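Notes to accompany the following structure.
The values are calculated or read from the model by the stated rules, or taken from the named source; none is laboratory data. Here the structure is a predicted model, which means the values were calculated and not measured. Virtual Cβ from ideal backbone geometry, glycine too; neighbours counted across all protein chains shown.
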Amino acid sequence: MAKQLPHEKRKTEAVLSDFADYAAKQERGIRYGATVSLSESTAAATPAPAPASAAHDELDDLAEWADFNDGETAPKMPLKDMFLGPEDASLPLLERFVRRRVEEGNGETVFHLGFENNVDSMGLTIDDWNIAYPRLERAAKNVDAACRLLYTRNVGGPEEATSGGAKSEKDKDCSGKILIRKIPATADENIETRIVVVGNVDAGKSSMLGVLVKGDLDDGRGSARVNLFRHKHEIESGRTSSVGMEILGFDATGEIVASDTPGRKLSWEDVGKRSAKVISFSDLAGHERYLRTTVFGMLSGSPDYCLLMVAANNGLIGMSKEHLGIAVALNVPVIVVITKIDICPPQILQETLSQLTKILKSPGARKIPVFIKDHEECVNTATQMVSPRICPIFQVSNVTGEGLSLVRTFLNVLPPHGYYNADAPFEFTVNDTFSVPFVGTVVAGIIQSGVIHAGDQVLVGPDSIGQFATTTVRSIERKRIPVHAASAGQSASFALKKMRRKDVRKGMVVMPKIEGQPPPKVYREFVAEVLVLSHATTIKTKYQAMLHVGSISQTCSIIAVDRPFIRTGDKARVAFRFVQRPEFVRAGERILIREGRTKGLGIIKEVGYNPQDPIWEAQAEEG
């Protein structure tokens, strides 16, 4: 393939980040029916908060006194009065305040005790702190939540922040950040965060996950990664070729859920039952040969965050840049972990850090690198990860354990991320299929919207001719734990009645069966707005490439373009046709076009294509 000229490369880089922001804005506007400003589109949003549970009658007058409004978390009554005022009057108000904050945070929130909502200092003394923090703990306990003190200032104790230098008079007030997390009543209520782990081959991805999950350090020869491999050839070669799955659990107080016996790894069922928050890792392949599998994992997994592994002695090379480009294109926040710092000479490590900073700040990525060196910086950066622009960088060793505690703290505080609507009609995308003895066909994937219950009648499809089959959900599991129902944003697996495994495939959808309504429409053609990232020559009609839409991977051909041809860096309106079979796609979905390496990205503008209304002539008339 011909190498890109310098001016072509600069042109592509300059538009990649802008187009990713534009696609995020369009996706939210088209799919979620909201016109969102560009600044908002770059910030992560959580689903609309559930309404607070009905308060007791005796609290109504108190609520009026504190002036709570339905859409606001900030009462006009100063927070300091809630923490230090008479407990009989202020504790019920504090409980209501905590409940709302936790609900808006989808099950957890980080509260900065010592500051009002307008960021004015409360001016707490150590005696005030000793009253305020226990009262917050009592309020949290009364609303079925738990507190974890992350760090303090001027309070003393093991959580005291060590950063900072000379303190001014203003900095002598007591303050601290506290993680408040809801205690789940059942295993299906825990918080779930999905993270894809990517990076070049031999960057230490599987070893890092093995150390995080099991708790034991690596021996320097890959002992920690063996449990993550799914195939015999992966163990022999030491290279991941499939999408490996692993989970890390945190309880309501922020402690890691691990076995009491050293060296023993807990089962998924034990982790799920004992956790209030579960981090689901997708360990993806780093070798170029398995790029298709890696791209599938990044699109189908609906990741909240992307963990990019970089070997300190190699730097950002090979497929690492490709993976970073895909994460930027999908607008997924990136967390960088530099591994193997124990075997890397200091001057080589410095070169790696300089190269990484340069690439992250480039016009294509436009990230703000933040080097995490202490506990306080770790907590503050994690709470700011609602913006995809922030890019924390950790330096760790899986052999000595250096830096691992910061990574664990960061993952514990990391806020939930994503757009899911539990009130919309049910929709589930199939990412994997299994045939389980004595159970039957099982499909695994992510619930995009709505709620599903065991026993519901559903449609599964489309098949090769675009038809949907009717079946019943026999049972539901989340993290290998049987549950009665699952809702939007959760990953789950369903056992389907009277379905053969060969009749289901990755890329299918599961939709509700509603009497009297026609089955969902499927399409062979669609129109998308596309940005060409790299191509040696020109692209025009009849060009074919592998196209990824969520969990769908299928060859597509171009049937129409809004100009004679398009080149690297061009943005164009293009009509595509699936080569093999029709698929269930909808406007607002992101697409990736690949032939070898990534060629382009885009967003679906409309489904179906009418040759009687060609996009080239229509655009010419508009111009």
How many residues are assigned to a helix (DSSP H, G or I) and aliphatic (A, V, I, L, M) if we restrict to segment 290-324?
6
For segment 80-97, name all the residues that are among the basic types (Lys, Arg) and either outside the structural domain of residue 173 (by TED's automatic domain parsing) or within 17 Å of residue 115 (Cα to Cα) (or both).
80
Might you let me know whether segment 174-187 holds any residue that is surrounded by 14 or more Cβ atoms within 10 Å (Cβ to Cβ) and part of a helix (DSSP H, G or I)?
yes
When every residue in segment 137-147 that is touching a strand residue (DSSP E or B) at 6+ places or on another chain (Cβ under 7 Å) and crowded, with 21+ Cβ neighbours inside 10 Å is compared, the one nearest to residue 183 (Cα to Cα) is 145
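Please note which strands (runs of 3 or more DSSP E) are completely contained in segment 411-504 and include at least 3 residues that are hydrophobic (A, V, I, L, M, F, W, C) and without any contact (Cβ under 8 Å) to a residue 40 or more places away in the chain.
469-478
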Give the residue that is nearest to residue 588 (Cα to Cα), with candidates limited to residues of segment 505-536 that are of a type in the set (Gly, Ala, Ser) and outside any strand (DSSP E or B).
507
The one condition residue 530 fails out of (1) in contact with an Asp or Glu (Cβ under 9 Å, 6 or more places away or on another chain); (2) not assigned by TED's automatic domain parsing to the domain that holds residue 575 is (2)
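One line per residue, one yes/no per condition, for (1) closer than 21 Å to residue 292 by Cα; (2) modelled with pLDDT under 90:
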| site | (1), (2) |
| --- | --- |
| 515 | no, yes |
| 522 | no, no |
| 527 | no, no |
| 532 | yes, yes |
Failed item, numbered, when residue 343 is tested on (1) out of contact with any Asp or Glu (no Cβ under 8 Å at 6 or more places or on another chain); (2) in a loop (DSSP other than H, G, I, E, B); (3) assigned by TED's automatic domain parsing to the domain that holds residue 304; (4) farther than 20 Å from residue 212 by Cα
(4)
Selected residue (only one of 526, 578 is touching a Phe, Trp or Tyr at 6+ places or on another chain (Cβ under 9 Å) and crowded, with 22+ Cβ neighbours inside 10 Å):
526
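Out of the residues in segment 382-407 that are in a helix (DSSP H, G or I) and surrounded by fewer than 19 Cβ atoms within 10 Å (Cβ to Cβ), which is modelled with the highest pLDDT?
Initial filter on segment 382-407 (in a helix (DSSP H, G or I)): 382-383, 404-407.
This time we only want the ones that are surrounded by fewer than 19 Cβ atoms within 10 Å (Cβ to Cβ), so: 383, 405.
Details: 383: 89, 405: 92.
Going through the qualifying residues, I end up with 405.
Could you grab me the full set of residues in segment 455-467 that are closer than 17 Å to residue 433 by Cβ and either of a type in the set (S, T, N, Q) or over 30 Å from the mean Cα position of the chain (by Cα) (or both)? Lay out the reasoning, then the answer.
Step one: filter segment 455-467 for residues closer than 17 Å to residue 433 by Cβ, giving 458-464.
Residue satisfying the conditions is 464 alone.
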If you scan segment 88-104, which residues turn out to be farther than 14 Å from residue 140 by Cα and in contact (Cβ under 8 Å) with a residue 12 or more places away in the chain?
89, 104
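Could you say whether any residue in segment 257-270 is of a type in the set (Val, Ile, Thr), modelled with pLDDT of 80 or more and either closer than 23 Å to residue 432 by Cβ or touching a strand residue (DSSP E or B) at 6+ places or on another chain (Cβ under 9 Å) (or both)? Steps first, answer last, please.
Restricting attention to segment 257-270, the residues satisfying the condition of being of a type in the set (Val, Ile, Thr) are 257, 261.
When the remaining residues are screened for being modelled with pLDDT of 80 or more, the result is 257.
Subset that is either closer than 23 Å to residue 432 by Cβ or touching a strand residue (DSSP E or B) at 6+ places or on another chain (Cβ under 9 Å) (or both): 257.
Within segment 257-270 (the criterion being of a type in the set (Val, Ile, Thr), modelled with pLDDT of 80 or more and either closer than 23 Å to residue 432 by Cβ or touching a strand residue (DSSP E or B) at 6+ places or on another chain (Cβ under 9 Å) (or both)), the answer is yes, since at least one residue qualifies.
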Can you run down the residue pairs with Cβ atoms below 6 Å, 6 or more apart or on separate chains, where the first is in segment 381-393 and at negative phi and the partner is assigned to a strand (DSSP E or B) and of a type outside the set (A, V, I, L, M, F, W, C)?
381/392; 391/369; 393/369
Check residue 379 against each of (1) closer than 30 Å to residue 160 by Cβ; (2) in a loop (DSSP other than H, G, I, E, B); (3) in contact with a helix residue (DSSP H, G or I) (Cβ under 6 Å, 6 or more places away or on another chain) and name the one condition it does not meet.
(2)
Please identify the pairs in which a residue from segment 349-362 that is within 16 Å of residue 328 (Cβ to Cβ) has its Cβ atom under 6 Å from the Cβ atom of a residue that is among the aliphatic types (A, V, I, L, M) and surrounded by 18 or more Cβ atoms within 10 Å (Cβ to Cβ), counting only partners at least 6 apart or on another chain.
356/316; 359/316
Just the residues that are farther than 30 Å from residue 446 by Cβ and free of Cβ contacts under 8 Å to residues at least 24 places away in the same chain, please, taken from segment 538-567.
541, 542, 543
Based on this model, can you work out whether residue 371 counts as surrounded by 18 or more Cβ atoms within 10 Å (Cβ to Cβ), within 23 Å of the chain's Cα centre (by Cα), within 27 Å of residue 298 (Cα to Cα) and among the aromatic types (Phe, Trp, Tyr)?
no
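Counting only residues that are among the polar types (S, T, N, Q) and under 24 Å from the mean Cα position of the chain (by Cα), which one in segment 165-191 is modelled with the lowest pLDDT?
We begin by selecting, within segment 165-191, every residue among the polar types (S, T, N, Q); these are 168, 175, 186, 190.
From what is left, the residues that are under 24 Å from the mean Cα position of the chain (by Cα) are 186, 190.
On the way: 186: 83, 190: 86.
Among those residues, the one meeting the criterion is 186.
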So which residues in segment 267-290 are touching a helix residue (DSSP H, G or I) at 6+ places or on another chain (Cβ under 8 Å) and surrounded by fewer than 21 Cβ atoms within 10 Å (Cβ to Cβ), if there are any at all?
273, 287, 288
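Please specify each residue of segment 547-579 satisfying the condition of being charged (D, E, K, R), assigned to a strand (DSSP E or B) and modelled with pLDDT under 95. Quick ask: steps written out before the conclusion?
Filtering segment 547-579 down to residues charged (D, E, K, R) leaves 562-563, 567, 570-571, 573, 577.
So of that shortlist, the ones also assigned to a strand (DSSP E or B) come out as 571, 573, 577.
Within segment 547-579, 571, 573 meet the criteria.
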Give 540, 521, 502, 497 a once-over and let me know the one that is closer than 30 Å to residue 270 by Cα, over 27 Å from the mean Cα position of the chain (by Cα) and surrounded by fewer than 17 Cβ atoms within 10 Å (Cβ to Cβ).
497
It is to be established whether one or more residues within segment 259-266 are in contact with a Cys (Cβ under 7 Å, 6 or more places away or on another chain), of a type outside the set (S, T, N, Q), under 30 Å from residue 188 (Cβ atoms) and outside the structural domain of residue 493 (by TED's automatic domain parsing).
no
